[in-house]
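**Student:** What follows is a single structure, and I will ask about it in a moment.
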Amino acid sequence: MNLNLLEECRGAKRIGITGHVRPDGDCLGACLGLWQYLANCLPGTEIKVFLEKPADIFKDIKGFGEIDSEFPEEPAFDVFFVLDTSTDRLGGAEKYFRAAGKTINIDHHVSNPGGGQINLIRPEVGSTCELIYDLLDLARLDKDMAQALYVGIIHDTGVFQYSNTTPDTLKKGAELISYGFDFPKLILETFYQKTYVQAQVMGRALMESIRFLGGSCIVSAIDKKTMEFYNVGPKDLDGIVNQLRNIEGVDCAIFLYETATLEYKVSMRSSEKVNVAEVAAYFGGGGHARAAGCNMTGTFHDCVNNLSLHIEKALKKWEAEHDERNHNS
Ligand code: AMP
Ligand code: MN
Ligand code: MN
């Protein structure tokens, strides 16, 4: 990879780093991993990380307490990094991106057109943390950085299970755990563990789920009233859509939660037949072929009907291609 991080930052007095709104493990791991690396390699340089408040499960990652979630007015940054997202999902950090002297966008979303002055966009790589790993002088890697990057990799690959996991992902994972952090605890506490109330909400979403398109699709939603009843927020709903996708016979799972009256955040997951990034892009969202999201307006039924049209088309296309292949073999 020909992007030299330290070269790009040479002479910079102030460096800023951000990721996407509602930061996930990969976004957070990449931002804090890079923050630690630059802080170690460039003593005397002011380096700040701006992100919406991440979930407390990530509190053991070094630098968590340094994250600025207030987005105050700041003088322009000499270099500003945008990680794990295109430049249109920066929330409160967008103003720093606009004002910065040099902007660098590092991401793995297929939907990212590359909005930085310098862009490293690799959709074939499972996580942004793997991209960051490739850019580091490994002689400077330490236990805390290794832990941050490992968190990102396990979150975006579903602990090395999703189809975006490559031999290279596992080699990096192997190298990272050699630094000796407590990886079973990290995996449990940041990926699998749920609070009791989170488990209850997930149970409710599973119980109220509806299958359609002959059982190949499943959808469930949590409305605002239910979120208020259980006193939960969007961060408490992570994992529900994956659980829906794990159901036998399901090719495509959809989970929606209400963000405002007649407004929903939509998450989609698929096995192999539906490219959900294409479906999400149609509604102004994006993501990856197997995991994507968008925001939609309308009633629950409007949203599902609109999504279903595109999913059905994708399923039919896949089946036609598949039939053809069977025919030809
Ligand atoms: P989620 O369903 O929110 O876990 O997101 C799945 C994937 O889709 C992640 O890689 C997100 O970054 C991406 N994604 C989710 N929502 C959007 C959106 N509104 N626009 C673009 N990408 C999104
Ligand atoms: Mn992400
Ligand atoms: Mn990612």
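**Student:** Here is the link list: K265/K313; K62/K194; K102/K235; K62/K235. Which ones come out longer than 25 Å on Cα distance?
**Tutor:** K102/K235
**Student:** If we sort 44-51, 122-129, 148-155, 137-144 on the protection proxy, mean other Cβ atoms within 10 Å, highest first, what's the order? Each step should come with its number before you reach the end.
**Tutor:** Details: 44-51: 19.1, 122-129: 22.2, 148-155: 28.0, 137-144: 12.2.
Packing proxy ranking, top to bottom: 148-155, 122-129, 44-51, 137-144.
**Student:** Let me ask another. Please compute the length gained on full extension between L206 and L170, using 0.36 nm multiplied by the number of residues separating them and subtracting their Cα-Cα distance. List each step's numbers first, then the result.
**Tutor:** Details: separation 36, 0.36 × 36 = 12.96 nm, distance 3.17 nm.
Once the chain is fully extended between L206 and L170, it gains 9.8 nm.
**Student:** In nm, what is the difference between 0.36 nm times the number of residues separating S69 and A199 and their Cα-Cα distance? Let's see the in-between values first.
**Tutor:** Details: separation 130, 0.36 × 130 = 46.80 nm, distance 2.74 nm.
Contour length minus Cα-Cα distance gives 44.1 nm.
**Student:** Right, another one. Quote the relative contact order of the stretch 8-91 in percent (integer), defining contacts as alpha-carbon pairs under 8 Å separated by 6+ residues.
**Tutor:** Values: 126 pairs, mean separation 38.3, N = 84.
46 percent.
**Student:** Which order do M268, M202, M207 fall in if you start with the one that has the fewest other Cβ atoms within 10 Å? Display every interim value, and only then the final one.
**Tutor:** Working: M268 28, M202 21, M207 8.
Least crowded to most crowded, the residues run M207, M202, M268.
**Student:** Going by the alpha-carbon gyration tensor, a ≥ b ≥ c the square roots of its eigenvalues, is the stretch 90-217 rounded (a/c under 1.5) or, if a/c is not under 1.5, prolate (a/b greater than b/c) versus oblate?
**Tutor:** Cα axes put the stretch 90-217 in the oblate bin.
**Student:** Hey, quick one: spin label on T299, modelled 7 Å out along Cα-Cβ, who in the stretch 252-275 has an amide N within reach, i.e. under 20 Å?
**Tutor:** Once the point is set 7 Å along Cα→Cβ of T299, 255-266 turn out to lie under 20 Å by backbone N, inside the stretch 252-275.
**Student:** Set the bar at 28 Å for Cα to Cα. Now go through K59/K172; K13/K53; K95/K171 and name every pair that lies beyond it. Walk me through the intermediate numbers first.
**Tutor:** Values: K59/K172 23 Å; K13/K53 26 Å; K95/K171 38 Å.
Those over the limit are K95/K171.
**Student:** Here's another thing I want to ask about it. Amide H of I222: which non-local residues (sequence gap of 5 or more, or other chain) have their own amide H closer than 5 Å, using H built in the peptide plane?
**Tutor:** L256, Y257, E258
**Student:** Ranked from highest to lowest mean number of other Cβ atoms within 10 Å per residue, what is the order of the peptides 320-328, 87-95?
**Tutor:** Values: 320-328: 9.1, 87-95: 18.7.
In decreasing order of mean packing, 320-328, 87-95 become 87-95, 320-328.
**Student:** By how many nm would the segment from D142 to V21 grow when fully extended, if each residue of separation counts as 0.36 nm and the alpha-carbon distance is taken off? Write down the numbers at each step before the final one.
**Tutor:** Numbers: separation 121, 0.36 × 121 = 43.56 nm, distance 2.77 nm.
Net length gain for the segment: 40.8 nm.
**Student:** Moving to a separate point now. So for the chain, averaging the separation of alpha carbon pairs under 8 Å that are six or more residues apart and normalising by length, what relative contact order in percent results? Can you show the working numbers first?
**Tutor:** Working: 601 pairs, mean separation 39.5, N = 329.
So the answer I get is 12 percent.
**Student:** Further question on the same structure: Tell me the net charge near L213. Cut-off is 9 Å between Cβ atoms, L213 excluded, with +1 for each Lys or Arg and -1 for each Asp or Glu. Write down the numbers at each step before the final one.
**Tutor:** Details: positive: R211; negative: D251, E312.
Local charge sum for L213: -1.
Throughout, read-outs are computed from the coordinates displayed, never taken from laboratory work. Only a predicted model underlies this, so the values are computations on that prediction, with no experimental measurement involved. Quick reminder, even Gly has a Cβ in these numbers, built from the backbone with ideal geometry, and neighbours come from all protein chains shown.
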